[in-house]
Each structure stands twice: as C-alpha cells, then as structure tokens.
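Read through the structure below, which is laid out as structure tokens, and then see the notes.
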Amino acid sequence: MMLCDAAQVADGKLYILGGGWSMTGPDPVPSAIALKLDVGWHEAEQPHHWELYLEDADGQPVLVNTPEGDHPVEVRGEFTVGRPAGIPEGSPIDVALAVNLGPLPLTPGTRYTWRISIDGDSEPDWMLGFTSRPPRPEA
C-alpha cells in the first residue's frame with residue numbers, strides 16, 4: 001500500500017501521482033491509496049472482498065459527519081483475478097487497486113492508520129500510517 005495524491009489502474013498497472021507521503025494537511029485535501037496485491041494461485045478464479053478502515057492513534061474508527069449521522073471512514077470493494085496464460089502454475093497473480101478519496105476532515109497534529117482486510121483476514125503489517133500536520137499559526 002502507498003499513500004499518494006491520486007492513483008489509477010490501467011492495463012493491470014498502477015499509475016501513481018504524488019506517491020509515498022506520510023504527512024498531510026492540516027487542511028482537508030484529496031488523497032489516494034495505491035494497492036498492489038499478490039493473489040495465490042489457488043485463490044484465483046474466485047471473488048475476493050476487501051475493506052479499508054481509517055483508525056486514529058488509539059486504533060479507534062475515525063468518524064465523519066454525514067447527513068445520516070456520524071459514520072466510520074471505510075472503503076470496500078470486490079475483485080476476481082484469472083490465471084493468465086503462460087504463467088507457471090503456483091505463481092502469485094498481481095492485482096492493482098486504486099482507491100481515490102475526497103478531502104477528509106482530519107484533526108490537525110494527529111496520527112492515523114489505514115488498515116486493510118481481505119476476505120475477513122488482516123495481518124499486523126497490512127497497514128499504512130500517516131500524520132496530519134499541526135494547525136497553521138494564525139497571522
């Protein structure tokens with residue numbers, strides 16, 4: 001996973017703009033998460049469900065105010081990968097995903113973490129941390 005300003009997938013490749021940052025803000029700005037997944041050979045040809053969750057420094061869900069009330073910042077999706085011709089049996093298969101996000105109202109000077117789960121599984125290192133800059137001094 002990589003934080004970036006914007007990301008796109010075309011022909012199975014990730015195109016990343018402004019990638020590799022770990023500081024943002026303090027004002028809300030659009031951002032994206034570029035993901036490159038390795039799907040096991042035996043997991044090809046079946047649907048997979050992924051979920052990204054934004055958490056605060058205490059591991060609690062980050063909530064945003066919506067017309068329906070406060071909701072956690074979450075993104076979900078599905079993918080299915082085939083076995084490309086010519087790939088040796090048993091090889092992992094690449095999957096590229098781009099998740100573009102609108103501006104999020106994050107608290108300045110705070111640490112955040114994106115966590116991903118795939119098919120309900122997550123590992124401790126399946127995360128991506130970043131910090132929002134402190135507020136700007138008033139003139």
**OP:** Quick one: compute the contact order of region 2-132, relative version, from alpha carbon pairs under 8 angstrom and 6+ residues apart, as a percent.
**Re:** 34
**OP:** Please list, in chain and number order, the residues 5+ apart from ARG133 or on another chain whose amide H is under 5 Å from its amide H, with Hs placed from the backbone.
**Re:** THR24, GLY25, GLY109
Subject >> C-alpha center-to-center spacing [region 87-128, region 1-71] in angstrom >> reply: 5
Subject >> VAL81 long-range amide H proximity, modeled H, under 5 Å >> reply: GLU45, GLN46
Subject >> For VAL62, residues with placed amide H under 5 Å, excluding near neighbours >> reply: LEU54, GLU55, ASP56, VAL73
**OP:** Give, as ranges by residue number, the residues of region 30-47 whose backbone N falls under 17 Å from the point 7 Å along Cα→Cβ of GLU89.
**Re:** 40-45
Subject >> Per DSSP, loop chymotrypsin sites (Phe, Trp or Tyr not before Pro) in region 1-92 with at most 13 further Cβ within 10 Å >> reply: TRP21
Subject >> Cα gyration tensor shape for region 1-67, rounded if a/c is under 1.5, else prolate or oblate >> reply: oblate
Original post:
Most mobile of GLU51, GLU74, GLU43 per a Gaussian network model of the chain (Cα springs, under 10 Å)?
Top reply: GLU43
**OP:** Go through region 110-115 residue by residue and turn each phi into a ³J(HN,Hα) via Karplus (6.51, -1.76, 1.60, θ = phi - 60°); whole Hz please, and just put x for glycine and proline.
**Re:** 10, 8, 9, 9, 8, 10
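Coordinate-derived values only; no laboratory data. Treat the numbers as computed from the prediction; the structure is a model and nothing was measured. In this analysis, Cβ positions are derived from the backbone assuming ideal geometry, glycine residues included, and neighbour counts consider all displayed protein chains.
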